[in-house]
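So the structure is just underneath, and the comments pick up after that.
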Amino acid sequence: MKNRLSHRLQNISYSQTIAMSAKAREFINKGYDVINLSLGEPDFPPPNFVLYAAKKAIDEGHHHYTPVSGYFELKKVICQKFYRDNRLKYTPSQIVISTGAKQAIINVLLSLLNKDDEVIIPAPYWVSYLQMVKFCESCPVIIPTGMKNNFKIHPEQLEKAITSKTKLFIFSTPCNPTGSVYSYDELKSLAEVFKKHPEIMIISDEIYEHICYSKKHTSIAIFPDIYHQVITINGLSKAFSMTGWRIGYIGAPEWIVQSCDKIQGQMTSCANSIAQIAAISALSAHPNKIEYMIKKFERRRNLVLDLIKEIDGFQCNQPNGAFYIFPKVSSFLGKKLYGKIIQNSDEFSEFLLEKAQVATVSGSAFGDNECLRISYASSENKIVEAFTRIKKVLN
Ligand code: PMP
Ligand code: GLU
């Protein structure tokens with residue numbers, strides 16, 4: 001049966017983040033007390049004013065298809081948000097609202113990519129970029145980074161990776177999984193490279209923009225010379241803790257918007273109508289309305305950094321955004337733990353699930369076999385308990 005599936009499908013694997021979370025759930029259903037630090041999903045409810053707007057939308061009868069690319073009112077609010085938070089000028093004709101940032105990204109990839117086109121992806125990358133590019137039968141070109149550069153690429157590396165086949169560059173800042181945040185100057189130096197290659201498009205995934213601690217988030221589209229090359233991705237899943245509501249959006253050149261609209265019109269018709277009305281309320285609000293969540297994430301970040309220091313063998317830098325730490329675990333690899341040699345980060349992550357009942361995600365999901373992703377979008381109590389367990393099994 002399997003070989004009857006499309007080549008496109010056979011090319012890709014299941015999402016490792018989602019698979020790990022499903023595995024944790026399986027353990028829980030079997031009666032194990034698992035602490036799930038695998039999925040990148042805030043544990044807060046969405047803000048009350050957003051919930052209220054959604055309930056009102058139901059009462060007011062927003063039950064039908066919306067325009068394919070989203071309600072005009074929401075597009076206007078998104079344009080205001082882009083200007084207020086990012087100093088980016090977009091008009092409603094440059095916006096598409098989709099079923100999560102995930103759909104927003106695949107819409108753009110399907111719009112642009114042909115077989116064998118090259119897509120440059122700095123590693124560690126968010127798990128789905130690689131798989132989506134493969135799904136489009138294009139070629140991922142990975143730029144490796146390392147902890148000593150805070151997992152960020154240099155302009156020279158970018159320049160070297162570009163070939164006549166390069167169509168696209170895709171990255172996230174703040175980054176999932178490393179928590180690294182590119183500064184204004186770092187983005188400027190990358191923008192100078194892209195300026196020399198106006199045929200290359202850039203997907204800038206900024207879904208963690210508000211979850212940013214010491215530095216301020218900068219959008220790469222701010223540099224006028226490359227503004228027309230950039231597709232800015234954002235959504236409500238992370239900042240508003242609305243993962244299940246499935247609202248993502250893009251700000252982009254009109255020709256990209258029209259193409260995403262065409263795809264969406266055939267594939268999904270539109271994003272959920274009630275969630276779009278709720279999004280109007282969420283995005284109209286000043287970001288200080290969600291600061292209480294960001295403060296909590298920052299406290300948790302500091303907590304996990306303190307806790308991990310107490311366990312020998314992990315090597316960790318300080319992430320400045322998102323809600324993950326991405327420690328190096330190579331000192332555990334090749335060692336015998338509980339009678340079994342741990343060969344790679346997949347086995348290390350499985351070991352932690354089986355012996356400590358703590359779910360994490362192997363760095364291999366993100367293109368770095370020496371690391372492990374631990375999400376701290378969980379309560380402080382759970383975080384403390386998870387690290388106590390990890391320490392116990394590793395000692
Ligand atoms: N980009 C990144 C970097 C993410 O971490 C996520 C979270 N799953 C997404 C995109 C997709 O988000 P959404 O829930 O809006 O589809
Ligand atoms: N983005 C989240 C994560 O990285 C949610 C899972 C997913 O969409 O892959 O864990």
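Of all aspartates and glutamates in the structure, the ones whose alpha carbon falls short of 13 Å from that of residue 382, not counting any fewer than 8 places away in one chain, are 33, 43. A cut-off of 5 Å between modelled amide H atoms, ignoring neighbours fewer than 5 places along the same chain, links residue 235 with 249. Computed from backbone phi, the HN-Hα couplings of region 210-220 come to 7, 8, 9, 9, 6, 9, 8, 5, 10, 8, 5 Hz, rounded to whole numbers (Karplus: 6.51 cos²θ - 1.76 cosθ + 1.60, θ = phi - 60°; Gly and Pro given as x). For the cross-link pairs 215/295; 30/340; 115/165; 89/188; 152/215; 160/196, the ones whose C-alpha atoms lie over 20 Å apart are 30/340. With a simple spin-label model that places each label point 7 Å from the Cα along the Cα-to-Cβ direction, the separation between residue 341 and residue 60 comes to 6.5 nm. Annotation for region 190-240: chymotrypsin sites (Phe, Trp or Tyr not before Pro) lying in DSSP loop with at most 15 further Cβ atoms inside 10 Å of their Cβ do not exist. Can you list the lysines whose alpha carbon is less than 28 Å from that of residue 56, not counting same-chain residues fewer than 8 positions off? Qualifying lysines at Cα under 28 Å: 75, 76, 81, 102, 238, 289.
The angle separating the long axis of helix 380-394 from the principal Cα axis of greatest extent in the chain is about 40 degrees.
Full extension of the chain between residue 87 and residue 142 gives 16.8 nm of extra length, using 0.36 nm per residue less the Cα-Cα distance.
Among the GluC sites (Glu not before Pro) in region 14-94, those placed in a DSSP loop whose Cβ has at most 12 other Cβ atoms within 10 Å are 60.
Estimated at 0.36 nm per residue, the fully extended path between residue 189 and residue 288 surpasses their Cα-Cα distance by 32.6 nm. For the peptides 152-159, 279-286, 165-172, the ranking by mean Cβ contacts within 10 Å, running from highest to lowest, is 165-172, 279-286, 152-159. If R0 equals 30 Å, the separation of the Cβ atoms of residue 14 and residue 228 corresponds to a calculated FRET efficiency of about 0.25. For residue 201, the residues 5 or more places off, or on other chains, whose built amide H falls under 5 Å of its own are 168, 169.
Taking Cα atoms of region 8-154, Rg/Rh with Kirkwood Rh, to two decimals? Dividing the radius of gyration by the Kirkwood radius yields 1.02. Computed from Cα positions, the angle between helix 291-309 and the longest principal axis of the chain comes to roughly 30 degrees.
For the peptides 120-130, 35-45, the ranking by packing is 120-130, 35-45, with the highest mean count of neighbouring Cβ atoms within 10 Å listed first.
Given q = 0.11, 0.21 Å⁻¹, what are the Debye log10 I(q)/I(0) values for region 117-195, with equal point scatterers placed on the Cα positions and solvent ignored? Taking Cα atoms of region 117-195 as identical point scatterers yields -0.26, -0.98.
Proximity of backbone amide H atoms, modeled 1.01 Å from N, is registered between residue 372 and 329, 363 at under 5 Å, excluding neighbours fewer than 5 places apart on the same chain.
Applying both filters, DSSP loop and at most 10 other Cβ atoms within 10 Å, to the trypsin sites (Lys or Arg not before Pro) of region 10-96 gives 30.
The distance from the alpha carbon centre of region 138-187 to that of region 40-88 is 31 Å, rounded to a whole number. Taking label points 7 Å from Cα along the Cα-to-Cβ direction, residue 315 and residue 355 give a separation of 2.1 nm. Take the alpha-carbon centre of region 324-395, take the same for region 258-283, and report the distance between them in whole Å. Each part's Cα centre sits 38 Å from the other's. Stretching residue 7 away from residue 48 to a fully extended chain increases their span by 10.2 nm, per 0.36 nm per residue minus the current alpha-carbon distance. The long axis of helix 254-267 is offset from the longest Cα principal axis of the chain by roughly 70 degrees.
We did not get these values from a lab; they are worked out from the coordinates using the rules stated. Given the structure is predicted, the values throughout are model-derived calculations rather than measurements. Backbone-built Cβ (ideal geometry, glycine too); neighbour counts: all protein chains shown.
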